[in-house]
Every structure is written in C-alpha cells, then in structure tokens.
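Asks: Here's a structure for you.
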Amino acid sequence: MFHKKIKALFHSAVSSVASSISQFTFHPEKDLTRTKKLPADTLLRFLVSQGASSTRNELLDFFGMDTHAPSASALNQQRAKLKTTALEAVFRRFNDSVDSLHRSSGYRFLAVDGSSFTFFSAPRFASPEYFVSEGHSAKGFYSMHLTALYDLDRRTYADALLQTVHEKDEFRAFCSMADRLETIPGTKNIYIGDWGFCSWNCMAHVREQGQYFLFRSKDILSKGIISHFRFPGEESFDTTVRATLVRSRSEKIPSLRAATGGLWTKRRLLTI
C-alpha cells in the first residue's frame, strides 16, 4: 500500500538523521549517545507524531500504554539536548524521498498561506518574543506565526517558516522560502497565494529564481496593488500590464516608466 511506502520513507529519514545525531546536539561527545528509553530515533519519531493531548497521555499512546513508558521529565531532558535543525533535517530528507516517487509534469504547484498558533507556557520554557500580554487571559499567552508552502500534487509541505508573533511578516517569510527552495530538475515552480502575498517584492523574488506565480489581488476598484491600472470593462479578461518599480518618489519616475517600459529594480530590468 502507498501509505506503507510513505511511512517507510519517514522511518528511513529518521534513521538517517539518528545515525549522525552528533551533528544535531549541543554536546556531540555525550548527548544522545547512551542507550535509554528515548534514543535519538525514538525521540525524533515521537516529536513528529506528538498530538495535542498532555505529554503523559501522548507518551502512553506512543508506547502502546506501556506502564514503563518514559516520563514527561525524561522527555524534556532528552529534547533539551536536541537542536531544532534535527527535525528540519528529517523534514528535508523525507521530502527528497517523496519527490523521487513522482514523475515530473513540468510544473510544481505550491500553495502558500500563513496561520498563527496560540499556546500557554511559562517563562522558563518559552522565549519572551512569543509572549502576548493582551487578551482574555490575565496572565497572558504565547503565540507564533507559521507560513508554509504546500505541494498540491504530492500533498506534502515543501517548506515552512516560523516567526514570533511580534515579528510576523508573511511577505518576508515567503521571499525567504522562495529564495531557498530547491527546484526539481526539469520542473518549474508555480507559487499560488491569496492577496496577503500579492506584493511587488514577492513577485520579484519569484522572477529572480526564474519561476512563476499566481497571486489573488484585491478588487480593481479597491486601493490594492492593481488599482492604478486600466482594465477592460468585461467581467473576465486576460491582459498584460507594465509597472516600473523604483526606490525613489521623485517626479522623474513617469519619464523613467516611459523609457523602460518594464519592471525596473536596482539591479536589472524584469518583465511581467
């Protein structure tokens, strides 16, 4: 069955990272080197599969209700030895394996979106950058924002970026992911996003990578990014527009637009 193959690829990715776990620990000479109830591979599999229940219940479920399952304290001690790059390495190696199962159609459709997550914690566990004082909680709460790329054909996440609630910037997150995402040979990426990602900067980053985008924009009658263009009066149409982007607000900009007839950046001329 296909799901068994996917599970096998995941276990393979975990085993690959666990075999070189010294690269992903704070003290390579001793961290996660001794045999315990939570060795490196088991710890990684648990962290990926952990649900929303209490840590104790999740441990019991993971170990099949075994009364000798590791305690929450043991988990915290083992997890503190592990760098976050370990889980990222599992993510990358798993995705590389899944990509090898699919034949390329010439295009890779990647949907992008973001969402905020709220959680309760204590100062000794969570960084102050995630703390939010306002809200219905008298003690405050913690929050983070996730922006992710989802492969519509493979049904896997191609990349993700976490930001603290006070540094939430979906434009910057998208540009970072578009810049670092490796392109599958013989395949063009098509980034699909809602109007929260429709900006000239996002478009320029995609074009710099030689890829394509499809962003939803606000209505042409609004004050959105396309409000300054002239469009046909039909309900639906397909038209080409030109825009000149510069860093200056000088009155000389109109003459520059007429001279270039394209999308101008600090480095070179781009066309839409």
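Asks: Which of the residues belonging to region 28-70 are hydroxyl-bearing (Ser, Thr, Tyr) and farther than 22 Å from residue 119 by Cα?
Replies: 33, 35, 42, 67
Asks: Scanning region 36-71 for residues that are open to solvent by less than 50 Å² (accessible area, probe 1.4 Å) and under 18 Å from residue 14 (Cα atoms), which turns out nearest to the chain's Cα centre (by Cα)?
Replies: Once the filter is applied, the top-ranked residue is 47.
Asks: Sticking with this structure for a sec: Quick check on region 101-129: of everything there that is more than 21 Å from the chain's Cα centre (by Cα) and within 25 Å of residue 4 (Cα to Cα), which residue is surrounded by the fewest Cβ atoms within 10 Å (Cβ to Cβ)?
Replies: Across region 101-129, the extreme among qualifying residues is 103.
Asks: Further question on the same structure: Residues that are of a type in the set (Phe, Trp, Tyr) and assigned to a strand (DSSP E or B): does region 97-107 have at least one?
Replies: The answer is yes, given that some residue of region 97-107 is of a type in the set (Phe, Trp, Tyr) and assigned to a strand (DSSP E or B).
Asks: So which residues in region 1-35 are open to solvent by 40 Å² or more (accessible area, probe 1.4 Å), in contact with a Ser or Thr (Cβ under 9 Å, 6 or more places away or on another chain) and outside any helix (DSSP H, G or I)?
Replies: If the condition is that a residue be open to solvent by 40 Å² or more (accessible area, probe 1.4 Å), in contact with a Ser or Thr (Cβ under 9 Å, 6 or more places away or on another chain) and outside any helix (DSSP H, G or I), then 28, 29, 33 are the ones that fit.
Asks: Kindly check whether there is at least one residue in region 170-184 that is open to solvent by 10 Å² or more (accessible area, probe 1.4 Å), assigned to a helix (DSSP H, G or I) and of a type in the set (Ser, Thr, Tyr).
Replies: Taking every residue of region 170-184 in turn, at least one turns out to be open to solvent by 10 Å² or more (accessible area, probe 1.4 Å), assigned to a helix (DSSP H, G or I) and of a type in the set (Ser, Thr, Tyr).
Asks: Of the conditions (1) over 26 Å from residue 24 (Cα atoms); (2) touching a strand residue (DSSP E or B) at 6+ places or on another chain (Cβ under 8 Å); (3) not β-branched (Val, Ile, Thr), residue 130 fails just one. Which one is it?
Replies: Checking residue 130 against (1) over 26 Å from residue 24 (Cα atoms); (2) touching a strand residue (DSSP E or B) at 6+ places or on another chain (Cβ under 8 Å); (3) not β-branched (Val, Ile, Thr), the one that fails is (1).
Asks: Another question, then. Is one or more of the residues making up region 244-253 closer than 23 Å to residue 113 by Cβ and modelled with pLDDT of 70 or more?
Replies: There is no residue in region 244-253 that is closer than 23 Å to residue 113 by Cβ and modelled with pLDDT of 70 or more.
Asks: Which condition number does residue 26 fail, the rest of (1) of a type outside the set (S, T, N, Q); (2) in contact (Cβ under 8 Å) with a residue 40 or more places away in the chain; (3) within 26 Å of residue 100 (Cα to Cα) being met?
Replies: Result: residue 26 passes all but (3).
Asks: Further question: What residue, among those in region 72-88 that are under 18 Å from residue 49 (Cα atoms) and of a type in the set (Lys, Arg), is surrounded by the fewest Cβ atoms within 10 Å (Cβ to Cβ)?
Replies: Among those that are under 18 Å from residue 49 (Cα atoms) and of a type in the set (Lys, Arg), it is 79.
Asks: In region 150-167, is there at least one residue being surrounded by 15 or more Cβ atoms within 10 Å (Cβ to Cβ), within 16 Å of residue 109 (Cα to Cα) and touching a His at 6+ places or on another chain (Cβ under 7 Å)?
Replies: Checking region 150-167: at least one residue is surrounded by 15 or more Cβ atoms within 10 Å (Cβ to Cβ), within 16 Å of residue 109 (Cα to Cα) and touching a His at 6+ places or on another chain (Cβ under 7 Å).
The values are calculated or read from the model by the stated rules, or taken from the named source; none is laboratory data. Computed from a predicted model, the values in this text were never measured in an experiment. Every residue, glycine among them, receives a Cβ derived from its backbone with ideal geometry; neighbour counts consider all protein chains shown. Protein only, heavy atoms only, side chains kept; ligands, DNA and RNA dropped before computing areas. Shrake-Rupley method; radii C 1.70, N 1.55, O 1.52, S 1.80 Å.
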